[in-house]
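Engineer: This is the structure, below, for whatever I ask next.
Any read-out appearing in this document is the output of simple, stated calculations on the displayed coordinates, not a laboratory observation. The shown structure was predicted, so the numbers you read here are calculated from the model rather than taken from an experiment. Every residue, glycine among them, receives a Cβ derived from its backbone with ideal geometry; neighbour counts consider all protein chains shown.
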Amino acid sequence: MKQAIVARTDIGMGTGKLAAQVAHASLSAYEQTSKRDRRTWKSGGQKKVVLKGSSERELHELAEIADREGLPTSIVRDAGHTQLDPGTVTTLAVGPGPDDAVDRVTGELSLF
């Protein structure tokens with residue numbers, strides 16, 4: 001089991017902002033995961049990867065693919081208190097889910 005978080009590279013998030021958005025996405029998708037899968041993922045070390053996404057459109061397209069795979073997803077929109085305009089899509093979390101299913105959605109993306 002693993003989770004992939006895709007973060008946009010086209011909006012110039014600072015390191016702290018990026019870390020916060022990745023955390024928001026991870027937790028939000030985790031909360032949508034079944035209790036059984038939560039336990040399995042947690043007991044397996046909560047494996048995660050952070051990947052590069054090129055645009056808001058790409059994140060939405062990946063979310064649609066993940067939905068078809070039956071994976072939990074979370075698209076994060078920034079509140080706009082610091083670096084970004086309110087509502088800016090920043091990250092997408094896919095999973096936790098089986099490694100092969102997550103890879104079918106995000107396997108072509110580069111590591112952040």
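Engineer: So, in segment 24-41, how many residues would count as being within 21 Å of Val6 (Cα to Cα) and either surrounded by 12 or more Cβ atoms within 10 Å (Cβ to Cβ) or in contact with a helix residue (DSSP H, G or I) (Cβ under 8 Å, 6 or more places away or on another chain) (or both)? So that I can check it myself, show each step before the final result.
Structural biologist: The first filter runs over segment 24-41 and keeps only residues within 21 Å of Val6 (Cα to Cα), leaving 24-33, 37-38, 41.
With either surrounded by 12 or more Cβ atoms within 10 Å (Cβ to Cβ) or in contact with a helix residue (DSSP H, G or I) (Cβ under 8 Å, 6 or more places away or on another chain) (or both) added as a condition, the list becomes 24-30, 32-33, 37-38, 41.
Summing the residues that are within 21 Å of Val6 (Cα to Cα) and either surrounded by 12 or more Cβ atoms within 10 Å (Cβ to Cβ) or in contact with a helix residue (DSSP H, G or I) (Cβ under 8 Å, 6 or more places away or on another chain) (or both) in segment 24-41 gives 12.
Engineer: May I ask you to list pairs of residues, at least six apart or on different chains, whose Cβ atoms are under 7 Å apart, with the first in segment 43-67 being of a type outside the set (Phe, Trp, Tyr) and the second being part of a helix (DSSP H, G or I)?
Structural biologist: Short answer, once both residue conditions are applied: Lys48/Ser26; Val50/Val22; Leu51/Thr106; Gly53/Leu59; Leu62/Val105; Leu62/Thr106; Ile65/Val105; Ala66/Val105.
Engineer: When residues of segment 35-56 are filtered for being under 13 Å from the mean Cα position of the chain (by Cα) and outside any helix (DSSP H, G or I), how many remain?
Structural biologist: Residues that pass the stated criteria total 7.
Engineer: Kindly indicate whether Leu59 is exposed (fewer than 14 other Cβ atoms within 10 Å of the Cβ) and part of a helix (DSSP H, G or I). Please lay out each step first, then the result.
Structural biologist: On the way: exposed (fewer than 14 other Cβ atoms within 10 Å of the Cβ): no; part of a helix (DSSP H, G or I): yes.
No, not satisfied.
Engineer: What's the number of the only condition in (1) surrounded by fewer than 12 Cβ atoms within 10 Å (Cβ to Cβ); (2) within 14 Å of the chain's Cα centre (by Cα); (3) among the acidic types (Asp, Glu) that Asp85 fails to meet?
Structural biologist: (2)
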